[in-house]
1. Residue by residue through the range 349-364, which ³J(HN,Hα) values in whole Hz follow from phi under the Karplus form 6.51 cos²θ - 1.76 cosθ + 1.60 (θ = phi - 60°), with glycine and proline marked x?
2. For HIS11, what accessible area in Å² do you get when you roll a 1.4 Å probe over the heavy atoms of the protein chains, rounding to the nearest 10?
3. In square angstrom, rounded to the nearest 10, how much accessible surface does GLU34 have for a 1.4 Å probe?
4. Work out, step by step, the length gained on full extension between ILE111 and GLN266: first 0.36 nm times the residue separation, then minus their alpha carbon distance; give nm to one decimal.
5. Return the long-range amide H neighbours of ASP38 (sequence gap of 5 or more, or a different chain), with a cut-off of under 5 Å between placed amide H atoms.
6. Output wanted: per-residue J couplings in Hz (rounded whole) for the range 66-78, from phi through Karplus 6.51 cos²θ - 1.76 cosθ + 1.60, θ = phi - 60°, x for Gly and Pro.
7. What pairs from LYS185/LYS352; LYS228/LYS352; LYS30/LYS185 go past 26 Å between their alpha carbons?
8. With a Förster radius of 51 Å, plug the Cβ-Cβ distance of GLU329 and PHE218 into 1/(1 + (r/R0)^6) and report the FRET value to the nearest 0.05.
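The values are calculated or read from the model by the stated rules, or taken from the named source; none is laboratory data. Computed from a predicted structure; not experimentally measured. Note: ideal-geometry Cβ built from the backbone for every residue, glycine included; neighbour counts use all protein chains shown. Just the protein is used for accessible areas: all its heavy atoms, side chains included, with ligands, DNA and RNA removed. Shrake-Rupley method; radii C 1.70, N 1.55, O 1.52, S 1.80 Å.
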Amino acid sequence: VHQGTLRVMSHDEGILRIVAQRGFDGDYLKTNAEFAVDPDELDERFGRGRAEDAKPTAGEPARFAQDVMENSGYRERWLPLIGLNGRVVGLLALHWRRPWAFSDRDEHDLIMLARQAASLVETYLSDQRSEGLLDDLRVRAEIHGTELLESEIRFRRAFEVGLVAACITTVEEDRFLEVNSGYVKLTGYAPGDVVGRTSRELGMWSSGRDQAALEAAFQAGGEFRELKLRLRGREGHVRDILLSGQRITYDGRSCWLKMFNDVTEQHRSQEELMAAIRDVMSDTTWFGQSVVQKLAELRGGASEDEVEFDLTARERQVLELVAAGLDDEEIAVRIGIAQKTVRNHLTNTYAKTGVHSRSEAVVWARDRGMVARV
């Protein structure tokens, strides 16, 4: 590589800045030190969620970030650096004196280079953000004293580098003030996506029941522990979490410090065990709903879905086959009942679960891991 630049994306400002370079003179760096861009446009073009056939747009990014080819080789190559939340955090540009043709090994090395560079950029941005906050704390300490400074710096470091996803929200509106890197990884939301907004505005809770449970916890007192909720991330994926909260004073105001424990994989393993038991026992008339509930209690708590909706073993079996994509005729043949009986079971299931169509029933069942293996 003859020349190269590493640019970092500031989403708040909408600017790409050169933070490292090789081979360029001062005039080039002065002219091209930064570009004003639309971060959303850059994400749409390069981000992890982009469509495979997306075409380059006619906006600001068209002025650069374009690969330059000559005689089937590269003279310039621009690599997007994708962060943990799928957004573009920077661009890496490589330039050659003569056209360079890439081998499979070169492509592999380039991918690894881009991943390492993205990790470095995210660390750089996190350090910048933390340093800015610490500078602010030092200024405040001149007014409030050294003890406050030391206390808040300890809290800031624990909050930023902690392994547990965490956020700080206002008491009055539950509006986001801060999120840490664990929260970004869990939800896919960057700080700029959520700070200043509420979880209700972002649709983060998978049901009104979860939102009501959280608000009840807020009203109950100064703290709550391991509230069972289902959190919807930026891409729509739902995670099972245990949420704990503590009232704190932050930046001179009363706030909530909330910590998220992701137990999705643990619950998935439990549901797979229960599904295997149901598969074995589904045709045994004496193995009723109450026995399933008892087994659920043995694994660490009563199964909310079975207790609340009280599906019979046969209704559950039909619903799991519907969720697996089978039609009424296929279900009838598979379990040896009439198609009309299949429809009757589905009608009963709709009434018990509150869904109104087959497609809603499929979503409802899959959200709860109720899918037959076919």
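1. 5, 4, 5, 6, 9, x, 8, 10, 7, 5, 5, 5, 5, 4, 4, 4
2. Accessible surface of HIS11 is approximately 60 Å².
3. 90
4. Stretched out fully, the ILE111 to GLN266 stretch lengthens by 52.6 nm.
5. Amide H neighbours of ASP38: GLU60.
6. Values, residue by residue: 10, 4, 10, 10, 8, 6, 6, x, 8, 9, 9, 9, 10 Hz.
7. Violating the 26 Å limit, Cα to Cα: LYS185/LYS352; LYS30/LYS185.
8. Plugging the Cβ-Cβ distance into 1/(1 + (r/R0)^6) gives 0.55.
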